[in-house]
Amino acid sequence: MHTGKLEIVEITDITEECADVFTVMYRDRTKASPGQFIMVWAPGVNEVPMSLSFIGDEKGFTFRVLGKTTTALSRLGKGDRIGVRGVFGNSFRPVGSRILFIGGGTGVASIISAADLFSPGRRAVAAIGAKNRDGIFFAGRMKQAGADVLISTDDGSQGEKGFVTAVARRVLEREDFDTIIACGPELMLRRVAELASEFRTPAQISTERFMKCGIGICDACSLNGALVCRDGPVFDGEFLLGCDDFGRYRLSPCGARVPI
Amino acid sequence: MLASGILGETAESMMRALKNGAGGVVTKSIGMEPRDGYLNPTVYSFQEGLLNAMGLPNPGMENYKQVIEKLKKESGGIVIGSIFGKDEQEFGALAKTMSSLKVDGLELNLSCPHAKGVGSEIGSDPDMVERVVKSARTHASVPVWAKLTPNTDSISSLAISAEKGGADAIVAINTVRAMAISARLRMPVLSNRYGGLSGKAVKHVGLRCVYEIYESVHIPVIGVGGIYTGEDAAEYLMAGASAFEIGTAVAERGPQVFSAVNRQLFAFMKKEHFSTIGEMIGIAHRQT
C-alpha cells in the first residue's frame, strides 16, 4: 500500500524553541512538501499527528507540551528512537508573488516551511501571534526566510497587544496579496477565512482534527465529510466557510460531534 | 457496499461512498454506550494489507441516531446499521433502536477480533451466535445479517447457527487476528498488541470462507476481504457471494474505488460472456 509504512528513526536533535515548545529532528529522506504531516509514535505512549516544521532530509516537527504524548516526546534525547508514518496529506502552494502568512500559537510550526520555501523572491509578510512573549517562536526564521514579521500577543508582552487577526486585517487593508497561508487555533482560522473572503484573497488554511489512522479510512478526522488526513490538512478558505463544523464542532475520540 | 468500520463515523463520508458508486453503506459498529477505542497506534500498513485495532470507537446508539437520520434523509441510499454488544439482550435492544431509524438492514458484528467481551469473543461460540441472531431477529423489523469471524476452526458451523437463529444473510469475513512487531523497538506496534488483518493478505481466506459457507447454508452470503478490483469481486461471486463489501481498498484508492470496481466487474462480465451477476454466483461450485 502507498499508505505510509511505519519507519523507526533516531532523534538527531531536540531543541526548546520557547517555553514548552520543542522541535524534534530526525533523518528521513522521504520527499515532503510544506504543510504535510506525519504520524509520530512515542513508543509505549501514543501516536499523534504532527506537521513538519523542517522538510529536508533532516526533518523536524515542533509541538507544545500539552499532554502525555508531548510530555514523553519532550523528554526524549539524541539517539532515542521514535516511529514515524507518512508523509501524509496535501500541502501549501506558492500562488502569485505576494503572500501573507498568518500563524497563531503552535500553528506557526505548520506554515514555517512554506515561509522558508516561498518567501525568497516574493513579497512576504508574516503575522505571528501568541498568548504572551514566551509563546513566540520561529520569528527569526521567518525573517531569515525574507518575510516582514509582525508580532502580536494577547497580553501585549511582545509586539502589538491583541489578536493576530487584527494585525492581519490592517495588513490586508493597506496591501493586496495573492494568497494567505495560515494555521492556528480553529476559531482564529475561521476569522482568517472570513477576512480572506472579505478582502477577496484566496486562503490556504491548515486545519487540525483528532486522528487515528492518518490514511483516510477511520473517519475520525472528518470535517463535514472532508478527511483532514487525506483531503487536507490544507483547505481553501471558501471551502471551509461552507463547512458547518469549521470553527464550531469537532468529533471527539468516540466520534460524537461536540462544540469546539 | 462500503464495509463496516471504514468511513462510517459521519453521514457525509458515507454519502461520499454512495456518490462514488457504492450500492450501499454499512455503518461503523454501534454499541450501547460511547466508546473511545484504543490509543494509537491503531493501524499498521504494509504492501499487502492493513492491520488495525481501533477498539470499536463509536459515539453510542443515542448519539449516532442523528447520523443515520441525516444519512437516510439526505442520501436516500441503502444503509445497513452495524451493531455490536456483549450478549443477546444488548443486541436485541440495539436491533430495536437501529431498525426504528429506518435502516435497510442490520449487520451484527459477531467478529471484531480485538475487543474484549464482544465481537469474535462471543461470535466464535455457535450457541451464542444463534442466541444473538435470534434476539436481534425478534427485535428487528428489517433483514438481519450476521458478520462472522474467520478466527475459528469452523466458520460453517457459525453460519449454520446464524441461519438457525433466523439470519437473513451471512457476511464473511471480518479481519484475521494478527499482530505486528517492530524489530527495532523490540515491541508490538499496535497499542492493543493484537489487531485484525485485512486487505490483499486475506482475500484467499475470505474466498475459502465464503465458499464453505455457501455449501452449508441456504441464505445469501455477502463477501468481504481483500476486494480491490472487479476480478476480485467476481471471484467472491463465483465462490458464492450474492453481494460484496469493500473496506481496506478505500485506504489505497479512496472512495472512487467503488465506481472503479463496478466498471471493472462489468468489463469482466462482458469479456467472459456473463449477462447477469446471478450467472456468476456460486459458479465455482459447479465446476469442481
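Sorted from longest to shortest, the spans of the Cα atoms of segment A:125-260 along the three principal axes equal 41, 33, 27 Å.
Per the accessible-area calculation with a 1.4 Å probe, the total area buried between chain B and chain A rounds to 3300 Å². Over segment A:1-107, Cα pairs under 8 Å with separation of 6+ residues give a relative contact order of 35 percent.
Note on residue B:73 and residue A:78: with the Förster distance fixed at 51 Å, the Cβ-Cβ geometry gives a FRET efficiency of about 0.35.
Farthest toward the dipole's positive end in chain A, which of A:135, A:249, A:9, given Cβ charges of +1 (Lys, Arg) and -1 (Asp, Glu) about the Cα centre? The listed residue farthest towards the positive side: A:9. Assuming a ≥ b ≥ c are the square roots of the Cα gyration tensor eigenvalues, decide whether segment A:153-196 counts as rounded (a/c under 1.5), prolate (otherwise, with a/b larger than b/c) or oblate. It comes out oblate by the Cα gyration axes. Once you have a ≥ b ≥ c as the square roots of the Cα gyration tensor eigenvalues for chain B, tell me rounded if a/c is under 1.5, and otherwise prolate or oblate according to whether a/b is larger than b/c. Because its axes are fairly even, with a/c under 1.5, chain B counts as rounded.
Run through the DSSP bridge list for chain A and note the antiparallel percent, rounded to the nearest 5.
Around 60 percent antiparallel, to the nearest 5.
So if the hydrodynamic radius of segment B:76-199 is defined as the Kirkwood radius over C-alpha pairs, what does Stokes-Einstein give as its diffusion coefficient at 25 °C and 0.890 mPa s, in µm² per second? Once the numbers are plugged in, D ends up at 166 µm²/s.
Counting protein heavy atoms only, the protein assembly as shown has 50 percent of its accessible area on carbon and sulfur, 1.4 angstrom probe.
Across chain A, Cα pairs under 8 Å and at least six residues apart give a relative contact order of 16 percent.
Once you keep just the Cα pairs under 8 angstrom separated by 6 or more residues, what percentage relative contact order results for chain B?
Working: 706 pairs, mean separation 48.2, N = 288.
So the answer I get is 17 percent.
For segment B:1-100, rounded, prolate or oblate, judged on the Cα gyration tensor with a ≥ b ≥ c (square roots of eigenvalues), a/c < 1.5 rounded, else prolate if a/b > b/c? Judged from the Cα gyration tensor, segment B:1-100 comes out oblate (a/c at least 1.5, b/c at or above a/b). Once the chain from residue A:117 to residue A:27 is taken as fully extended at 0.36 nm per residue, the excess over their C-alpha distance is 30.5 nm.
Please work out the average accessible area per residue across the protein assembly as shown, using the 1.4 Å probe convention, and give it in Å².
Numbers: 21320 Å² over 548 residues.
Result: 39 Å² per residue.
Looking at B:117, B:128, B:32, which one has the Cα that reaches farthest to the positive end of the dipole of segment B:1-137 (charges on Cβ: Lys, Arg +1; Asp, Glu -1)? The listed residue farthest towards the positive side: B:32. Give me the percent of DSSP beta bridges within the protein assembly as shown that run antiparallel, rounded to the nearest 5. DSSP beta bridges in the protein assembly as shown are roughly 55 percent antiparallel.
Average 1/r across all pairs of distinct alpha carbons in the protein assembly as shown, invert it, and you get the Kirkwood radius: 24.6 Å. Remark on chain A: hydrodynamic radius 18.4 angstrom, per the Kirkwood mean of 1/r across alpha carbon pairs.
If R0 is taken as 30 Å, the Cβ-Cβ distance between residue A:143 and residue B:184 corresponds to a FRET efficiency of 0.15.
Dipole magnitude for segment B:1-153: computed about the Cα centre from +1 point charges on Lys and Arg Cβ and -1 point charges on Asp and Glu Cβ, it is near 540 debye.
Convex hull volume per residue, computed on the Cα atoms of segment A:72-146, equals 134 Å³. Among B:178, B:241, B:146, the residue with the largest mean-square fluctuation in a Gaussian network model of chain B, with springs joining Cα atoms closer than 10 Å, is B:178. Between B:81, B:240, B:60, the GNM of chain B built on Cα springs shorter than 10 angstrom shows B:60 fluctuating the most. Subtracting the Cα-Cα distance of residue B:87 and residue B:272 from 0.36 nm times their residue separation leaves 62.0 nm of extension gain. Within the P(r) computed for segment A:195-260, what percentage of the Cα pairs occupies the region above 19 Å? In whole percent, the share of Cα-Cα pairs in segment A:195-260 beyond 19 Å is 30. With a Förster radius of 25 Å applied to the beta-carbon distance between residue A:176 and residue A:248, the computed FRET efficiency rounds to 0.25. Working note: Cα atoms of segment B:175-288, range along each principal axis, descending, whole Å: 54, 34, 21.
The values are calculated or read from the model by the stated rules, or taken from the named source; none is laboratory data. Quantities reported herein were computed from a predicted structural model and do not represent experimental measurements. Please note: Cβ atoms are built from the backbone with ideal geometry, for glycine as well, and neighbour counts cover all protein chains shown. Note: areas computed on protein heavy atoms with side chains; ligands, DNA, RNA excluded. Shrake-Rupley method; radii C 1.70, N 1.55, O 1.52, S 1.80 Å.
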